[in-house]
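The values are calculated or read from the model by the stated rules, or taken from the named source; none is laboratory data. Values in this document were obtained by computation on a predicted structure and should not be read as measured data. Glycine gets a Cβ as well: all are built from the backbone with ideal geometry, and neighbour counts include every protein chain shown. With ligands, DNA and RNA removed, areas are computed over all heavy atoms of the protein, side chains included. Shrake-Rupley method; radii C 1.70, N 1.55, O 1.52, S 1.80 Å.
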Amino acid sequence: MSDAFKVFAIDDDPLILEIMREILEPDCTVETFESVEACQPRLEVEKPGMLLLDVSLPGMDGYAFCRAIKDDESLRDIPVTFVSSNDTIEARIKGYDAGGEDFIVKPFEPEEVLRKIKVAKQIILSKKALEEQAKAANSFSMMMMTSMGESGIVMQFLGKLFSWNTEQEVATGVLELLQSYQLEGVAQTRIGQRTLTLSAAGANMPLEVSVLNHVRDQGRIFEFRNRGVYNTHHITVMVNNMPVHDPDLCGRLRDHLSLVAQGADSRLQAIEAEEANRRNRAGIDEALQSIRESVSAMRQAHGLDRAASSQLLIELEQSMAKAFVHLGLSTDQEHHMEELVHTFMKRMMELQDRGEEIYETLQQLTEKLGQLK
């Protein structure tokens, strides 16, 4: 049990805490608290792998406690999942603002809580990998700002843009550009039925997905508080720390980020078209292969039919020769019957030869189609 994933659950409802314990044990080690104040001394002793945090609590509420945790360098990497009966976009944005990673709505199903535990474990792993990347990116962004200036950063981004072949590369490039401006944000790409939401915290973080799904429909440029949102058909870029205290800088960044979003949208549209072309080519290849196999099978079957027909005609001719002995036909009548049979056999062979020509034509047509794709 000592190696089990540790969860601290904070809720002022003892029944909820008991349900949490029953759901998570024995897979997790669970400690429960009825207030933030009761949990704080325990946090000074041991850091859990995850916090399940009620929003409405006596004393300090869940949002305030989450902000305090995220401001504490020793605790900020603990994934926080809010638990609330208030399922509104405003509640989710408040949770996102406070620094939370996920959101559970009361009443909840056991399977949902277990899924959130799995997400929390993934967050811990991804954050460790991203910390080193962030250090290198921050150093690089400072150098970029010094050497290139604001417009140069955009030009370099646009220059790299068309060498990227996946939405992951485009979204990562957008985040690196934001870091070059000392901005924090999230990028959500949309290609076909695929949606990727990416930030420094990782991919497809539940609260970030909720917020981005909301703001993506708020117009081409949407601003609230110190956030700026830049929407196109294939991408949404949300900046969380626009420098609203500096209107001139904010205006310049707004222009730069609009251009960045439009450029990224063009590249994502091209990637979508390239994927569609590859699917079409794959479909043509599959269809051509099916045609080749069908023509080959038909030709083989035709060969077998031709051989069988020839054998039947030979047997017919032999049977007729034997029958003439018993039928008492005159010589002229026998010649007439033989002439009818030979004429029929000739027409049958002509039809079979024509079938062979058809198969040859189909084979040539298939090869020409293969050369055109």
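Of all residues in the stretch 80-104, how many are open to solvent by less than 20 Å² (accessible area, probe 1.4 Å), touching a Leu at 6+ places or on another chain (Cβ under 7 Å) and of a type outside the set (A, V, I, L, M)? Break it down into steps so the answer makes sense when it comes.
Quick first cut of the stretch 80-104, residues open to solvent by less than 20 Å² (accessible area, probe 1.4 Å) only: 80-84, 91, 95, 98, 100-104.
Now restrict to residues that are touching a Leu at 6+ places or on another chain (Cβ under 7 Å): 80-83, 95, 100-103.
After this cut, where a residue has to be of a type outside the set (A, V, I, L, M) as well, the list is 81-82, 95, 100-103.
Of the residues in that region, 7 qualify.
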Test: residue in the stretch 198-206 that is surrounded by fewer than 16 Cβ atoms within 10 Å (Cβ to Cβ), in a loop (DSSP other than H, G, I, E, B) and in contact (Cβ under 8 Å) with a residue 24 or more places away in the chain: no
Among the residues of the stretch 212-229, are any closer than 28 Å to GLU275 by Cβ, out of contact with any strand residue (DSSP E or B) (no Cβ under 6 Å at 6 or more places or on another chain) and crowded, with 16+ Cβ neighbours inside 10 Å? no
Scan ALA270, ALA276, ALA287 and give me the residue that is of a type in the set (Gly, Ala, Ser), assigned to a helix (DSSP H, G or I) and touching a residue at least 40 places away in the same chain (Cβ under 8 Å). ALA270
Which pairs have Cβ atoms under 8 Å, sit 6 or more apart or on different chains, and link a residue in the stretch 84-108 that is β-branched (Val, Ile, Thr) to one that is assigned to a helix (DSSP H, G or I)? ILE89/SER210; ILE89/VAL211; ILE89/HIS214; ILE93/VAL211; ILE93/HIS214; ILE104/GLU112; ILE104/VAL113; ILE104/LYS116
Number of the exception - HIS234 against (1) under 24 Å from VAL80 (Cβ atoms); (2) of a type outside the set (D, E, K, R); (3) in contact with an Asp or Glu (Cβ under 6 Å, 6 or more places away or on another chain); (4) modelled with pLDDT of 90 or more: (1)
Reported set for the stretch 238-265 where residues are in contact with a helix residue (DSSP H, G or I) (Cβ under 8 Å, 6 or more places away or on another chain) and of a type outside the set (A, V, I, L, M) is PRO243, ARG252, HIS256, GLY263
Those residues that are in contact with a Gly (Cβ under 7 Å, 6 or more places away or on another chain), open to solvent by less than 30 Å² (accessible area, probe 1.4 Å) and farther than 20 Å from GLY152 by Cα, I need them from the stretch 230-259; list them, please. ASN231, MET238
Hey, does the stretch 42-57 have a residue that's over 33 Å from the mean Cα position of the chain (by Cα), open to solvent by 70 Å² or more (accessible area, probe 1.4 Å), among the charged types (D, E, K, R) and not assigned by the TED database to the domain that holds MET242? yes
May I ask you to list pairs of residues, at least six apart or on different chains, whose Cβ atoms are under 9 Å apart, with the first in the stretch 208-228 being of a type in the set (Ser, Thr, Tyr) and the second being open to solvent by less than 60 Å² (accessible area, probe 1.4 Å)? SER210/ILE89; SER210/ARG92; SER210/ILE93; SER210/GLY95; SER210/TYR96; SER210/PHE103
When you scan the stretch 266-312, how many residues do you find that are open to solvent by less than 60 Å² (accessible area, probe 1.4 Å), at pLDDT below 75 and either in contact with a Phe, Trp or Tyr (Cβ under 8 Å, 6 or more places away or on another chain) or farther than 29 Å from GLU360 by Cβ (or both)? 2
List the pairs whose first member sits in the stretch 8-22 and is within 19 Å of LYS47 (Cα to Cα), whose second member is surrounded by fewer than 17 Cβ atoms within 10 Å (Cβ to Cβ) and of a type outside the set (Phe, Trp, Tyr), and whose Cβ atoms are under 6 Å apart, counting only residues at least 6 apart or on separate chains? PHE8/GLU31
